[in-house]
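What follows is a short report on a single structure.
No lab work stands behind these numbers, since they all come straight from the coordinates. The shown structure was predicted, so the numbers you read here are calculated from the model rather than taken from an experiment.
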Amino acid sequence: MLKRCPVCRGRRLDDNTCGRCGADLFPLLEIERDADIACARAITALADNNHLLAKRCALAALCKRKTPFRQTLAAFLETLPT
Ligand SMILES: [Zn+2]
């Protein structure tokens, strides 16, 4: 979740537009949402023992937005056999 505007670093409210500089944050929020969905799919695939799908989804999430959790998840999944 974006906590600050990437353009002006102003605090972002629950709006698609920065209240400070007016930047349209919707595209970034969409990418972040897609990353969250990919991460959830990775975890579901892991629970189903589908390691290959889990790895692919985790990497997709990581490419969209890197977070410590996603990095750890992707690194863990790389240790599993496919
Ligand atoms: Zn801004």
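Straight-line reach from residue 3: which lysines have a Cα under 25 Å away, not including same-chain ones fewer than 8 places off?
Partners found: 64, 66.
Which of the aspartates and glutamates could a cross-linker bridge to residue 55, judged by Cα under 12 Å and excluding same-chain residues fewer than eight apart?
Residue 55 reaches 78.
Scattering from the C-alpha atoms of segment 1-40 alone, worked out with Debye: what is log10 I(q)/I(0) at q = 0.19, 0.32 1/Å?
Evaluating at q = 0.19, 0.32 Å⁻¹ gives log10 I(q)/I(0) of -0.50, -1.05.
Near the amide H of residue 25, under 5 Å away, which other amide H atoms are found, from residues 5 or more places off or on another chain, if H is placed in the peptide plane?
When sequence neighbours closer than 5 places are left aside, the close amide H contacts are 17, 18.
Calculate log10 I(q)/I(0) of the chain for q = 0.19, 0.27 Å⁻¹, where I(q) comes from the Debye formula with a single equal point scatterer on each Cα and nothing for solvent.
After summing over all Cα pairs, the log10 values are -0.75, -1.15.
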